[in-house]
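Below is one structure, written out as structure tokens; comments come after it.
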Ligand code: NI
């Protein structure tokens, strides 16, 4: 039976996914997940938002816009979250919705322009499309231990669309975080989940997966996206 945020399931999932490296991992799967988005919002349906306590970043309409290279905000170090309330939970749900819509398997708050330490993940459907969704929300996540053993996976990033490269990272880790309810959690992760957690926590420190590549490759990617951004049509001026 899944525990809060389905953590019980996640613990098993990574075992099932072991041994598949190197593999394409887009922090995003290459297919539309579809499904019933309203299910993501079920938690708060009966709750009222206290407008007086609303945080400014909650005025967005989901799905949120994902920022991409060369947006400098991607290099910001995100601040810890001090209060977990309905507004924050609603924002977490919007992030999940944005992630599923992309589609992706992980998203950090800074990727929608909010420099706060929160990530959302769901690796459950990556290899088993029939699997139930298993959304996870990690607030102020902190890696406690990393294995000496390394694993190589092909990664991608919703903020660096259509670019993939192999990255070597610790194969397993132990992570501590606050869940959606604000309850402290500690889990061991391996496989795709471990890669995804490390990739997303890097975002909170302004780090991107291309930083693990050679300077030559990294500069090439940055140049390509900078050029694309310059060519992109600008909004009509009034
Ligand atoms: Ni990413």
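The values are calculated or read from the model by the stated rules, or taken from the named source; none is laboratory data. As the structure is a computational prediction, the values presented were derived from the model and not from experiment. Note that we place each Cβ from the backbone using ideal geometry, even for glycine, and neighbour counts take in every protein chain shown.
Do the conditions hold for residue 121, that is, is it in contact (Cβ under 8 Å) with a residue 40 or more places away in the chain, closer than 14 Å to residue 196 by Cα and either out of contact with any helix residue (DSSP H, G or I) (no Cβ under 9 Å at 6 or more places or on another chain) or crowded, with 19+ Cβ neighbours inside 10 Å (or both)?
Here the answer is yes, as residue 121 does meet what is asked.
Can you pull out every residue in region 154-168 that is in contact (Cβ under 8 Å) with a residue 40 or more places away in the chain and either more than 13 Å from the ligand (Cβ to nearest atom) or surrounded by fewer than 20 Cβ atoms within 10 Å (Cβ to Cβ) (or both)?
Hits for region 154-168 are 154, 161, 163, 164, 165, 166, 168.
Could we say that residue 171 is away from the ligand (no atom under 16 Å from the Cβ), over 28 Å from residue 65 (Cβ atoms) and at pLDDT below 95 here? I'd like the intermediate steps shown before the answer.
On the way: away from the ligand (no atom under 16 Å from the Cβ): yes; over 28 Å from residue 65 (Cβ atoms): yes; at pLDDT below 95: no.
So residue 171 does not fit the description; no.
Assuming residue 206 fulfils every condition listed in (1) within 13 Å of the ligand (Cβ to nearest atom); (2) part of a helix (DSSP H, G or I) apart from one, which condition is it?
(2)
What's the number of the condition residue 96 fails, among (1) out of contact with any helix residue (DSSP H, G or I) (no Cβ under 7 Å at 6 or more places or on another chain); (2) away from the ligand (no atom under 13 Å from the Cβ)?
So the condition that residue 96 fails would be (1).
Just one of 162, 166, 155 is under 18 Å from residue 102 (Cα atoms) and over 13 Å from the mean Cα position of the chain (by Cα); which is it?
162
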